[in-house]
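Here is the structure we will look at, set down as structure tokens.
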Amino acid sequence: MLRKPGICQKPVITLYETPAYAACGTAVDAEPTGVPENGGVADEILFGWQYEVLEENNAFYKIRTHYGYEGWIAAEEYVPMESVGDAGICYDAQNSGCAMQLLQVCQNIADVLEAERVQARRITTLYAGSLIWAEKDSALGDSNAAARLLQPGWRRVFLPDGMGGLREGYMRSRFLELCQGQERWRKWAPQRSAILTEHIDAVSQLEPKEQEDADALGSEEAFRESIVQTAYSYLGTQYRWGGKTACGIDCSGLAFMSYFRNGILIWRDAAIKEGYPVHEIPIEQAKPGDLLFFPGHVAIYLGNGKIIHATGHPESSCVTVNSLWEGEPGYREDLKNSLCAAGSIF
């Protein structure tokens, strides 16, 4: 069996259900044309996310993401883990001994620039949930001298160049946060192969946290509120089938990213799947942050009959808030009548 671990080096890569469909959409920013009868957009993976190649079909690879989802990409989009050098574990040797840490982009859309000033040339643009290596700074408890030489409010980051090296860039510090929850990823994504587990384990050394932060993360109420607020950050984003970014997102993409950005891997589709942390609960017991399921659709419950979801409904076609209670603003009778299940990680 093929075991070729890879890493997403682009801001986003579209996964397709079939290689034939992937062939229609490989041009940059192009919509698929001449769509085959069977197949379509399956998913998106973001910068820094890992995957493994399962099958090769001419110019296309079937891959499995680190959260167990499968789809096809063009072979030219495959970047082997080896291309980032031995630093799949640590980049210190290539960066003058600078202490490194894996961070997550927390701004919906964030630029990587050539220098720590707003006038600098843009290298690339990343989306919330992307994973990127950065130099530690004193704000996170490190006294690294090089980091303190930066302009206030900036972080030095490193992007794989696809040739075994790293390219330096700079991002606003507030656009990055510690990459949390990877212990949960290991626990709740048993579908991942051993080789992916080894790579993710190698870069998943969680940083020490202040006690108050640990307490907050351990609070169910705080966690539920964080899920809700993350979902709200996509409010107004256009509906895009298979999407996961502020440029376009679908219903299960919104649910997935709201949990992913808070350290929990759930199934990417609008369903409760065995082996993932969401389990069915009585609908009447749903609380804010839980998931509500409809035929082919999923929403995040806000409480008091309200939901936030990405919908292709003609009246909105975006991430919006609706109500399941008759007489309330945004009431959707069709959703009220088709509500079929609720899911929670608690």
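The values are calculated or read from the model by the stated rules, or taken from the named source; none is laboratory data. Computed from a prediction, not measured in an experiment: that's the story for all the values here. No Cβ is skipped: glycine too gets one built from the backbone with ideal geometry, and neighbour counts run over all protein chains shown. Remember, those area values only see protein heavy atoms, side chains included, never the ligands or the DNA or RNA. Shrake-Rupley method; radii C 1.70, N 1.55, O 1.52, S 1.80 Å.
Among the listed residues 248, 236, identify the single one that is more than 18 Å from the chain's Cα centre (by Cα) and either open to solvent by less than 10 Å² (accessible area, probe 1.4 Å) or not aliphatic (A, V, I, L, M) (or both). It would help to see each step written out before you state the result.
Working: 248 fails: more than 18 Å from the chain's Cα centre (by Cα).
Among 248, 236, only 236 is more than 18 Å from the chain's Cα centre (by Cα) and either open to solvent by less than 10 Å² (accessible area, probe 1.4 Å) or not aliphatic (A, V, I, L, M) (or both).
Which residue pairs have Cβ atoms closer than 8 Å, lie 6 or more positions apart in sequence or on different chains, and pair a first residue in the range 255-275 that is open to solvent by 30 Å² or more (accessible area, probe 1.4 Å) with a second residue that is charged (D, E, K, R) and assigned to a loop (DSSP other than H, G, I, E, B)?
From the range 255-275, the pairs are 267/273.
Please go through the range 15-72 and pick out each residue that is at pLDDT 60 or above, of a type in the set (D, E, K, R) and out of contact with any Pro (no Cβ under 8 Å at 6 or more places or on another chain).
Those that are at pLDDT 60 or above, of a type in the set (D, E, K, R) and out of contact with any Pro (no Cβ under 8 Å at 6 or more places or on another chain): 17, 43, 44, 55, 56, 64, 70.
Before we move on, is residue 300 within 20 Å of residue 43 (Cα to Cα), part of a loop (DSSP other than H, G, I, E, B) and either out of contact with any strand residue (DSSP E or B) (no Cβ under 9 Å at 6 or more places or on another chain) or not small (Gly, Ala, Ser) (or both)? Working first, answer last.
Working: within 20 Å of residue 43 (Cα to Cα): yes; part of a loop (DSSP other than H, G, I, E, B): no; either out of contact with any strand residue (DSSP E or B) (no Cβ under 9 Å at 6 or more places or on another chain) or not small (Gly, Ala, Ser) (or both): yes.
In short, no.
Where residues in the range 302-318 are among the β-branched types (Val, Ile, Thr) and touching a residue at least 60 places away in the same chain (Cβ under 8 Å), which of them is nearest to residue 251 (Cα to Cα)? Even if it seems obvious, please write down each step before you answer.
First, the residues of the range 302-318 that are among the β-branched types (Val, Ile, Thr): 307-308, 311.
Narrowing the set further to residues that are touching a residue at least 60 places away in the same chain (Cβ under 8 Å) leaves 308, 311.
Numbers: 308: 9, 311: 6 Å.
So the residue we want is 311.
Which residue is farthest from the chain's Cα centre (by Cα), if the candidates are limited to the range 126-165 and must be surrounded by fewer than 15 Cβ atoms within 10 Å (Cβ to Cβ) and modelled with pLDDT of 85 or more?
152
When you go through (1) modelled with pLDDT under 50; (2) open to solvent by less than 40 Å² (accessible area, probe 1.4 Å); (3) among the β-branched types (Val, Ile, Thr) one by one for residue 89, which number turns out not to apply?
(2)
Among the residues of the range 277-289 satisfying the criterion of being assigned to a loop (DSSP other than H, G, I, E, B) and surrounded by fewer than 22 Cβ atoms within 10 Å (Cβ to Cβ), which is farthest from the chain's Cα centre (by Cα)?
Taking the range 277-289 and keeping what is assigned to a loop (DSSP other than H, G, I, E, B), we get 277-278, 282, 286-289.
Going one step further and asking which of them are surrounded by fewer than 22 Cβ atoms within 10 Å (Cβ to Cβ), we end up with 277, 282, 286-288.
Values: 277: 17, 282: 28, 286: 25, 287: 23, 288: 21 Å.
Per the criteria, the residue is 282.
Does the range 328-346 hold any residues that are over 20 Å from residue 312 (Cβ atoms) and either among the small types (Gly, Ala, Ser) or open to solvent by 60 Å² or more (accessible area, probe 1.4 Å) (or both), and which are they?
Restricting attention to the range 328-346, the residues satisfying the condition of being over 20 Å from residue 312 (Cβ atoms) are 328-329, 341-346.
Those that are over 20 Å from residue 312 (Cβ atoms) and either among the small types (Gly, Ala, Ser) or open to solvent by 60 Å² or more (accessible area, probe 1.4 Å) (or both): 328, 329, 341, 342, 343, 344, 346.
Scan the range 294-346 residue by residue and report those that are in contact with a Lys or Arg (Cβ under 8 Å, 6 or more places away or on another chain) and of a type in the set (D, E, K, R).
326, 328
Consider only pairs whose beta carbons are under 9 Å apart and that are at least six residues apart or on different chains; among these, list those whose first residue lies in the range 110-123 and is part of a loop (DSSP other than H, G, I, E, B) and whose second residue is surrounded by fewer than 13 Cβ atoms within 10 Å (Cβ to Cβ) and charged (D, E, K, R).
114/121; 114/122; 115/121
For the condition closer than 17 Å to residue 45 by Cα and in contact with a Ser or Thr (Cβ under 7 Å, 6 or more places away or on another chain), what is the one hit in 255, 231, 246? Can you show your working first?
Working: 255 fails: in contact with a Ser or Thr (Cβ under 7 Å, 6 or more places away or on another chain); 231 fails: closer than 17 Å to residue 45 by Cα.
Result: 246 is the single residue among 255, 231, 246 that is closer than 17 Å to residue 45 by Cα and in contact with a Ser or Thr (Cβ under 7 Å, 6 or more places away or on another chain).
How many residues are assigned to a loop (DSSP other than H, G, I, E, B) and either within 19 Å of residue 301 (Cα to Cα) or aliphatic (A, V, I, L, M) (or both) when one looks only at the range 238-272?
Filtering the range 238-272 down to residues assigned to a loop (DSSP other than H, G, I, E, B) leaves 240-243, 246-247, 250, 261-272.
Filter again for either within 19 Å of residue 301 (Cα to Cα) or aliphatic (A, V, I, L, M) (or both), leaving 246, 250, 261-272.
Here the count works out to 14.
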